[in-house]
Amino acid sequence: MKLKYLFIVLGLIGITMLLVAFYKCINTFEFLSKSNETEGEIIEIVSTFNATNTSDQSLRVLYKPLIRFYDLKGNPIEFHSPIGSKLPKNYNVGDKITILYNTQDPKKAVIKSFSSLWSESILLGIFGIILISIAIVFFVLSKKIAHA
């Protein structure tokens, strides 16, 4: 009986993750259709702490670039990349990078890279598929146990 509820819960969580992944894909496509491509410059590397529970302080630090670019009107815009790295040397101050930004809301900007645009959708989709697969396995096992 407990196995039955387990596959239902895992299946619902997996389906929810797939729906969120789909929603994020749609948002990314909309962003790409409304965005403008320009060159930005890394003006600072900012260290932030992530929320892991580890005693080793160096494992908790993420380095994120602060990027400045100019919108179509010539206004300077600065933003922090939402994606960080454990290595501070992925980017250097002064590096020029291609960015995409929403022309109606220039603060909504990202580095033009596959990971910046698609990593959340892909990870949610993969984990959703894994959970649904596990739910199916539990469902099949529960049927076999019930018939035994």
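No lab work stands behind these numbers, since they all come straight from the coordinates. Because the structure is a prediction, the values reported are computed rather than measured. Note: ideal-geometry Cβ built from the backbone for every residue, glycine included; neighbour counts use all protein chains shown.
The amide H of ASP71, built 1.01 Å from its N in the peptide plane, has ILE77 as neighbours under 5 Å, considering only residues 5 or more places off or on other chains. Only Lys, Arg, Asp and Glu carry charge here, each on its Cβ (+1 for the first two, -1 for the last two); on that basis the chain has a dipole of about 720 debye about its Cα centre.
Principal-axis analysis of the Cα atoms of the chain puts helix 114-147 at an angle of about 0° to the longest axis.
Can you give the relative contact order of the chain as a percent, counting alpha carbon pairs under 8 Å and 6+ residues apart?
Once normalised by length, the contact order is 35 percent.
Close amide H partners of LYS112, meaning residues 5 or more places away or on another chain with modelled amide H under 5 Å apart, are THR98, ILE99, LEU100. Each of ALA109, ILE145, GLY11 was scored by the projection of its Cα onto the charge dipole of the chain, and the greatest displacement toward the positive side belongs to ILE145; charges sit on the C-beta of Lys, Arg, Asp and Glu. The candidate values are [x] 61; [y] 65; [z] 57; the one derived from this structure for percent of Cα pairs over 19 Å apart carries the label [y].
Per-residue ellipticity at 222 nm computed for the chain from its helices equals -16500 deg cm²/dmol, with DSSP H segments shorter than 4 residues left out and the rest contributing -39,500 (n - 2.57).
With 26 Å as the limit, the listed pairs LYS24/LYS144; LYS24/LYS108; LYS24/LYS112 have LYS24/LYS144 beyond it between alpha carbons.
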